[in-house]
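What follows is a short report on a single structure.
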Amino acid sequence: MTSTLRSTTALALAAGLLAPPALAGMEEARTFLDDEIAGVSTLSREEQEAEMQWFVDAAEAFQGLDINVVSETITTHEYESQVLAPAFSAITGINVTHDLIGEGDVVERLQVQMQSNENIYDAYVNDSDLIGTHWRYGQVRNLTEWMEGDGAEVTSPTLDLDDFIGLEFTTGPDGNLYQLPDQQFANLYWFRYDWFNDEQTRTDFQDEYGYELGVPVNWAAYEDIAAFFTGRDMSYIEGSPSSVFGNMDYGKKDPSLGWRYTDAWMSMAGMGDTGEPNGLPVDEWGIRVNEQSQPVGACMARGGATNSPAAVYAVDKAITWLQDYAPPQAAGMTFSEAGPVPGQGNIAQQMFMYTTFVAPLVDSDAVMNEDGTPKWRLAPSPHGVYWEEGMKVGYQDVGSWLIMESTPTDRAKAAWLYAQFVTSKTVDVKKSDVGLTFIRDSTINSEHFTERAPRLGGLVEFYRSPARTQWSPTGTNVPDYPRLAQLWWQNIGDAMSGAKTTQDALDTLCADMEDVMSRLERAGVQGELGPVLNEERDPQYWIDQPGAPKPALENEREEPQTISYDELVQSWQ
């Protein structure tokens with residue numbers, strides 16, 4: 001600011017023509033608290049204003065700065081981009097543009113910034129699935145050090161890290177925090193509670209299969225239920241269609257097809273090892289690590305499990321169920337296209353539903369009762385025949401803020417303020433009310449969600465239970481998520497389309513993964529944390545060892561087992 005402009009501004013302030021930034025900011029904050037938050041917060045109004053005052057004061061040095069952040073397009077981030085970003089700009093004077101793009105595009109932009117060292121975005125909401133990448137490459141700001149060093153003056157005293165439920169997933173093996181959770185959602189089993197509890201339906205199922213209709217505990221029961229409902233006329237229940245499907249999924253050769261399998265499907269089948277959160281030494285990607293957490297292989301010949309019998313079983317089951325029990329168009333759908341389909345009212349169950357789609361389900365008349373309660377419920381997903389106690393049971397997405405080392409410090413500070421604003425206690429209950437992607441323990445246990453719980457089909461009960469900690473994101477075995485993830489959808493897409501057998505597709509997949517890891521090893525870009533591949537040997541050697549990879553079972557059809565939903569929920573208490 002020139003001396004003339006400073007003098008003019010000072011005179012204007014003195015004359016009362018302009019309000020000081022702090023006063024203007026707090027006026028905007030009070031309007032925001034009145035009109036948007038409207039008391040939906042775990043903080044008192046006095047505490048909300050105090051928190052907003054801190055943001056106003058901390059942002060004073062960055063007045064007029066333009067910053068750009070990015071996230072994938074889900075309901076929670078739409079709310080941030082359309083409501084919270086303009087509010088933050090008005091309150092702080094920092095002009096933030098919050099872009100919404102596909103998740104694959106987010107990873108691509110991040111990868112470009114990592115490779116070019118050019119600042120593309122000042123902050124990213126990036127899945128914690130990349131924690132192994134960020135920990136190894138050292139291109140993301142270490143938030144533990146940041147909050148104590150350069151970022152100390154812009155770290156909120158009310159951030160309350162202990163209140164976040166997902167920090168274990170954004171912390172590296174070195175004990176340092178690399179990402180700040182912004183939204184979380186699990187993959188859970190979804191089913192039509194009204195149909196499952198109808199007396200005629202239950203009798204018909206019992207007569208046909210010889211056991212009670214209920215929440216499937218294993219894949220055999222899921223398969224029976226899928227077969228039972230597919231094509232069934234449910235119109236004897238008021239408001240239900242004359243033909244329904246027993247399964248919903250998606251199969252288009254698209255980046256989201258990779259998540260369909262890496263998001264714990266293989267561990268749910270029983271491909272990996274026991275040990276939470278991801279299986280050790282072999283995780284849900286089939287990657288084996290040594291005692292130093294260095295990846296040593298993905299194919300069975302190097303001790304991995306990506307092409308093992310359990311992996312083939314996992315993919316084959318998904319393909320069969322998609323073809324036999326899902327709507328015909330599902331095979332050509334992506335993640336975002338398939339997600340809303342259960343809300344149309346003709347799906348009986350879904351093996352795992354990303355609970356980010358619960359928000360639009362609640363707005364769908366086809367699957368909601370007139371009193372606002374759901375016709376559906378959420379429960380833990382069933383597991384496959386190779387699964388054993390102590391293995392990973394499901395996936396939890398933890399979309400989290402990160403700031404690259406290549407981002408200039410002033411922009412990094414301003415972006416860090418925004419990241420804290422959209423995760424602050426002032427706004428978190430309201431944001432969670434919109435997107436239903438919980439990150440704070442205080443929000444989950446708030447009176448607001450106690451009142452709303454009966455309308456959310458078990459989502460609140462799940463997140464209040466100890467079970468929530470057993471659902472985890474991709475872990476640190478994966479050394480370079482962007483490079484390895486793209487191999488999954490490309491190769492499994494070949495199996496889904498029939499271009500290759502499942503075994504051939506998985507053989508190619510694990511070989512491609514090892515090729516990437518071999519190049520990382522030769523380049524030495526990840527130092528002592530990077531891959532050190534085992535020598536190849538007869539796969540039988542590894543099959544004969546305890547754990548993964550496991551030998552093929554003679555019978556991959558276990559005894560079907562179900563459980564009463566109400567009994568299941570009671571066990572969560």
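Do you know which residues across region 323-338 are over 24 Å from the mean Cα position of the chain (by Cα) and buried (at least 18 other Cβ atoms within 10 Å of the Cβ)?
Just the residues of region 323-338 that are over 24 Å from the mean Cα position of the chain (by Cα), to begin with: 323-325, 327-329.
TYR325, PRO327, listed by residue number.
Within region 553-573, which residues are part of a loop (DSSP other than H, G, I, E, B) and open to solvent by 70 Å² or more (accessible area, probe 1.4 Å)? Let's see the steps before the verdict.
Filtering region 553-573 for residues part of a loop (DSSP other than H, G, I, E, B) gives 553-561, 564, 573.
Listed by number, the residues that qualify are LEU553, GLU554, ASN555, ARG557, GLU559, GLN561, GLN573.
Give all pairs with beta carbons closer than 6 Å in which a residue from region 537-559 that is within 18 Å of ILE287 (Cβ to Cβ) meets a residue that is among the aromatic types (Phe, Trp, Tyr) and part of a loop (DSSP other than H, G, I, E, B); count only pairs at least 6 apart in sequence or on separate chains.
Listed pairs, sorted by first residue: LYS550/TYR386.
Restricting to region 391-449, name every residue that is hydroxyl-bearing (Ser, Thr, Tyr) and part of a helix (DSSP H, G or I).
Within region 391-449, the subset hydroxyl-bearing (Ser, Thr, Tyr) is 395, 400, 406-407, 409, 418, 423-424, 426, 432, 437, 442-443, 446.
Answer for region 391-449, where residues must be hydroxyl-bearing (Ser, Thr, Tyr) and part of a helix (DSSP H, G or I): THR409, TYR418, THR426, SER432, SER442, THR443.
Considering only region 494-501, I want to know if a residue exists there that is of a type in the set (D, E, K, R) and surrounded by fewer than 16 Cβ atoms within 10 Å (Cβ to Cβ). Reasoning before the result, please.
Keep residues of region 494-501 that are of a type in the set (D, E, K, R), which gives 494, 500.
After this cut, where a residue has to be surrounded by fewer than 16 Cβ atoms within 10 Å (Cβ to Cβ) as well, the list is none.
No, every residue in region 494-501 fails to be of a type in the set (D, E, K, R) and surrounded by fewer than 16 Cβ atoms within 10 Å (Cβ to Cβ).
What pairs can you find where one residue is in region 109-128 and under 24 Å from GLU168 (Cα atoms), the other is among the aromatic types (Phe, Trp, Tyr) and not in a strand (DSSP E or B), and their Cβ atoms are less than 6 Å apart, with a gap of 6+ or different chains?
SER128/PHE169
In a loop (DSSP other than H, G, I, E, B), open to solvent by 40 Å² or more (accessible area, probe 1.4 Å) and in contact (Cβ under 8 Å) with a residue 12 or more places away in the chain: is that true of GLU388 in this structure? Steps first, answer last, please.
On the way: in a loop (DSSP other than H, G, I, E, B): yes; open to solvent by 40 Å² or more (accessible area, probe 1.4 Å): yes; in contact (Cβ under 8 Å) with a residue 12 or more places away in the chain: yes.
Yes, satisfied.
Residue under question is ARG483, and the condition is that it be modelled with pLDDT of 95 or more and farther than 25 Å from HIS383 by Cβ; does it hold? Quick ask: steps written out before the conclusion?
On the way: modelled with pLDDT of 95 or more: no; farther than 25 Å from HIS383 by Cβ: yes.
Criteria not met by ARG483.
Which residues, taken from region 291-343, are more than 29 Å from MET368 (Cβ to Cβ) and among the hydrophobic types (A, V, I, L, M, F, W, C)? Spell out the reasoning first.
We begin by selecting, within region 291-343, every residue more than 29 Å from MET368 (Cβ to Cβ); these are 291-317, 319-320, 323.
Across region 291-343, the qualifying residues are VAL296, ALA298, CYS299, MET300, ALA301, ALA305, ALA310, ALA311, VAL312, ALA314, VAL315, ILE319.
One residue is enough: does region 271-288 have a residue meeting the conditions open to solvent by less than 20 Å² (accessible area, probe 1.4 Å) and over 18 Å from VAL393 (Cα atoms)? Working first, answer last.
Step one: filter region 271-288 for residues open to solvent by less than 20 Å² (accessible area, probe 1.4 Å), giving 271-273, 279, 282-287.
When the remaining residues are screened for being over 18 Å from VAL393 (Cα atoms), the result is none.
No: region 271-288 contains no residue that is open to solvent by less than 20 Å² (accessible area, probe 1.4 Å) and over 18 Å from VAL393 (Cα atoms).
Taking the condition in a helix (DSSP H, G or I), surrounded by 18 or more Cβ atoms within 10 Å (Cβ to Cβ), hydrophobic (A, V, I, L, M, F, W, C) and in contact with a strand residue (DSSP E or B) (Cβ under 6 Å, 6 or more places away or on another chain), does MET517 pass? Before you say what the answer is, go through the steps one by one.
On the way: in a helix (DSSP H, G or I): yes; surrounded by 18 or more Cβ atoms within 10 Å (Cβ to Cβ): yes; hydrophobic (A, V, I, L, M, F, W, C): yes; in contact with a strand residue (DSSP E or B) (Cβ under 6 Å, 6 or more places away or on another chain): yes.
So MET517 fits the description; yes.
Might you let me know whether region 451-462 holds any residue that is open to solvent by less than 10 Å² (accessible area, probe 1.4 Å), in contact with a Phe, Trp or Tyr (Cβ under 6 Å, 6 or more places away or on another chain), on the phi < 0 side of the Ramachandran plot and of a type in the set (A, V, I, L, M, F, W, C)?
Yes, because at least one residue in region 451-462 is open to solvent by less than 10 Å² (accessible area, probe 1.4 Å), in contact with a Phe, Trp or Tyr (Cβ under 6 Å, 6 or more places away or on another chain), on the phi < 0 side of the Ramachandran plot and of a type in the set (A, V, I, L, M, F, W, C).
Here is a yes/no grid of residues against (1) within 26 Å of ALA338 (Cα to Cα); (2) among the aliphatic types (A, V, I, L, M); (3) not in a loop (DSSP other than H, G, I, E, B):
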residue	(1), (2), (3)
ALA221	yes, yes, yes
GLU238	yes, no, no
ASP249	yes, no, no
SER267	yes, no, yes
GLU276	no, no, no
GLY286	no, no, no
ALA301	no, yes, yes
ASP316	yes, no, yes
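For the list (1) β-branched (Val, Ile, Thr); (2) closer than 24 Å to VAL215 by Cβ; (3) buried (at least 24 other Cβ atoms within 10 Å of the Cβ), I need the number of the one condition that THR320 fails.
(3)
Aromatic (Phe, Trp, Tyr) and either outside any helix (DSSP H, G or I) or closer than 17 Å to PRO551 by Cα (or both): is that true of TRP259 in this structure? If you could, list the steps in order and put the result at the bottom.
On the way: aromatic (Phe, Trp, Tyr): yes; either outside any helix (DSSP H, G or I) or closer than 17 Å to PRO551 by Cα (or both): no.
No.
Which numbered condition in (1) touching a Ser or Thr at 6+ places or on another chain (Cβ under 8 Å); (2) open to solvent by 10 Å² or more (accessible area, probe 1.4 Å); (3) of a type outside the set (Gly, Ala, Ser) is the only one that ASP410 fails?
ASP410 satisfies every listed condition except (1).
Within the set of pairs 6 or more residues apart or between chains, which connect a residue that is over 13 Å from ASN307 (Cβ atoms) inside region 484-505 to a residue that is among the aromatic types (Phe, Trp, Tyr) and open to solvent by 10 Å² or more (accessible area, probe 1.4 Å) with Cβ atoms less than 9 Å apart?
Pairs that qualify, where the first residue is over 13 Å from ASN307 (Cβ atoms) and the partner is among the aromatic types (Phe, Trp, Tyr) and open to solvent by 10 Å² or more (accessible area, probe 1.4 Å), are ALA485/TRP259; TRP489/TRP259.
Are there any strands (runs of 3 or more DSSP E) wholly within region 65-184 with 1 or more residues that are touching a Lys or Arg at 6+ places or on another chain (Cβ under 8 Å), open to solvent by 10 Å² or more (accessible area, probe 1.4 Å) and at pLDDT 95 or above, and if so which? First the steps, then the outcome.
Working: elements: 66-72, 95-101, 123-127.
Counting at least 1 such residues, we get 95-101.
Does ARG468 satisfy the criteria of being under 16 Å from the mean Cα position of the chain (by Cα) and surrounded by fewer than 24 Cβ atoms within 10 Å (Cβ to Cβ)? Please lay out each step first, then the result.
Numbers: under 16 Å from the mean Cα position of the chain (by Cα): yes; surrounded by fewer than 24 Cβ atoms within 10 Å (Cβ to Cβ): yes.
Spelling it out, ARG468 is indeed under 16 Å from the mean Cα position of the chain (by Cα) and surrounded by fewer than 24 Cβ atoms within 10 Å (Cβ to Cβ).
The values are calculated or read from the model by the stated rules, or taken from the named source; none is laboratory data. As the structure is a prediction and not an experimental result, all values here were calculated from the model. Ideal geometry is used to build each Cβ from the backbone, glycine not excepted, and the neighbour counts take in all protein chains shown. Areas reflect the complete protein model, heavy atoms only, side chains present, ligands, DNA and RNA absent. Shrake-Rupley method; radii C 1.70, N 1.55, O 1.52, S 1.80 Å.
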